[in-house]
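**Q** Below is the structure I would like to discuss, written out as structure tokens.
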Amino acid sequence: MSDLNGTFPKSYTWPIRVTSFDADSRRRLKLSAILRYQQEAGELQLRSGGLPYERLYDDGIIFVTSRSRVRIKRWPLMAEELNLTTWHRENRGVQFYRSYQFADQSGQNVIEATTCFVIIDPVTHRLQRPKVFDRYGITIQPTRVPDVKDPEKIIVPSDLPHVDSRVIRYSDVDYNGHLNNTIYADLLGDYLPGGMEHQTISEFSINFTGEALEGEALDIRAGMAGDRAVVTGVGPKGPCFEAEALFVQDQ
């Protein structure tokens with residue numbers, strides 16, 4: 001039986017305003033800011049339901065992002081006010097699915113997303129089965145699905161060219177001691193074939209395949225695969241991330 005006594009909210013809505021430091025040179029919400037807002041909204045829901053990071057850590061639970069897919073129906077602009085809603089959707093195997101919707105002031109969803117997580121033990125770093133989280137009795141909502149495909153395997157061409165060697169610096173790492181997952185969205189934008197200035201992304205996916213630590217260098221490869229832009233990073237211990245983006249024609 002859960003010790004939360006049915007108090008955990010089925011969803012959580014966080015009113016946000018696109019800040020100037022979360023906007024790019026075209027005054028659009030940055031890719032990495034989308035992921036940061038999503039990450040914070042998920043943590044706010046957990047905290048509001050009595051499961052802050054500190055308690056989960058003490059219970060032997062750390063959520064680690066494994067895959068994320070974001071569909072951008074309309075780019076939010078600097079100073080725009082939005083309502084970001086998130087919910088714990090379901091478990092499949094060892095994966096936890098959490099979904100998100102960014103709605104504008106008219107109630108239209110301008111961004112829809114789903115992220116997959118796995119649980120690791122903070123001491124042993126071993127993968128945990130979902131049953132360790134089931135103790136909290138949180139309601140799953142498998143039929144409440146956003147208007148975006150679930151994250152899946154990214155097909156990476158074997159001949160992607162090397163474009164850079166990116167060293168991980170102090171400002172890149174988070175409280176877990178490795179490159180924060182939101183920074184990978186910055187890397188996608190930085191190494192996007194053709195650049196971000198004259199293209200508009202309609203959807204992007206990032207698969208997180210390994211840790212990158214401060215001081216390590218990532219071998220960045222990038223190129224086009226049909227209508228997809230693909231960017232990958234490989235560290236000294238193996239692949240760290242794979243990302244892809246789809247585009248709409250600029251008006």
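**Q** Looking at Thr182, Thr143, which one is surrounded by fewer than 12 Cβ atoms within 10 Å (Cβ to Cβ), out of contact with any Asp or Glu (no Cβ under 7 Å at 6 or more places or on another chain) and under 23 Å from Thr85 (Cα atoms)?
**A** Step by step, each of Thr182, Thr143 is checked, and only Thr143 is surrounded by fewer than 12 Cβ atoms within 10 Å (Cβ to Cβ), out of contact with any Asp or Glu (no Cβ under 7 Å at 6 or more places or on another chain) and under 23 Å from Thr85 (Cα atoms).
**Q** Moving on. What's the number of the only condition in (1) modelled with pLDDT under 95; (2) within 24 Å of Gln95 (Cα to Cα); (3) of a type in the set (D, E, K, R) that Glu203 fails to meet?
**A** Tallying (1) modelled with pLDDT under 95; (2) within 24 Å of Gln95 (Cα to Cα); (3) of a type in the set (D, E, K, R), Glu203 fails exactly one: (1).
**Q** Could you check region 146-162 and list, in sequence order, the residues that are within 21 Å of Thr86 (Cα to Cα) and of a type in the set (A, V, I, L, M)?
**A** Result: Val148, single match.
**Q** Which of the residues that make up region 206-224 are part of a strand (DSSP E or B) and either at pLDDT below 95 or of a type in the set (S, T, N, Q) (or both)?
**A** Residues satisfying the conditions are Asn207, Leu213.
This table checks each residue for (1) touching a Phe, Trp or Tyr at 6+ places or on another chain (Cβ under 8 Å); (2) assigned by TED's automatic domain parsing to the domain that holds Ile62; (3) at pLDDT below 95.
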residue: Thr114; (1), (2), (3): yes, yes, no
residue: Pro122; (1), (2), (3): yes, yes, yes
residue: Gln128; (1), (2), (3): no, yes, yes
residue: Arg144; (1), (2), (3): yes, no, no
residue: Leu179; (1), (2), (3): no, no, yes
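**Q** Here's a follow-up. Do you know which residues across region 190-229 are over 19 Å from Ile155 (Cα atoms) and not acidic (Asp, Glu)?
**A** Gly194, Gly195, Met196, His198, Gln199, Thr200, Ala212, Leu213, Gly215, Ala217, Leu218
**Q** Among the residues of region 48-75, which ones are over 19 Å from the mean Cα position of the chain (by Cα), more than 18 Å from Trp87 (Cβ to Cβ) and of a type in the set (Ser, Thr, Tyr)?
**A** Residue satisfying the conditions is Tyr57 alone.
**Q** If you don't mind, another one. Taking region 234-244, which residues are in a strand (DSSP E or B) and touching a Gly at 6+ places or on another chain (Cβ under 9 Å)?
**A** Scanning region 234-244 gives Val234, Gly235, Gly238, Pro239, Cys240, Phe241, Glu242, Ala243.
**Q** For region 69-88, indicate whether the set of residues that are modelled with pLDDT of 95 or more and either of a type in the set (Asp, Glu) or touching a His at 6+ places or on another chain (Cβ under 8 Å) (or both) is non-empty.
**A** yes
**Q** Can I ask one more? Taking only region 150-178 into account, find how many residues are part of a loop (DSSP other than H, G, I, E, B) and farther than 21 Å from Val231 by Cβ.
**A** Looking only at that region, the number is 3.
**Q** Could you check region 194-229 and list, in sequence order, the residues that are within 16 Å of Arg71 (Cα to Cα) and in contact with an Asp or Glu (Cβ under 8 Å, 6 or more places away or on another chain)?
**A** Result: Gln199, Thr200, Phe204, Ser205, Ile206, Asn207, Arg228, Ala229.
**Q** Right, here's the next one. Applying the selection to region 1-24, what residues are surrounded by fewer than 13 Cβ atoms within 10 Å (Cβ to Cβ), modelled with pLDDT of 95 or more, not charged (D, E, K, R) and not in a helix (DSSP H, G or I)?
**A** Scanning region 1-24 gives Pro15, Thr19.
The values are calculated or read from the model by the stated rules, or taken from the named source; none is laboratory data. For clarity, every value in this text was computed on a predicted model and none was experimentally measured. Quick reminder, even Gly has a Cβ in these numbers, built from the backbone with ideal geometry, and neighbours come from all protein chains shown.
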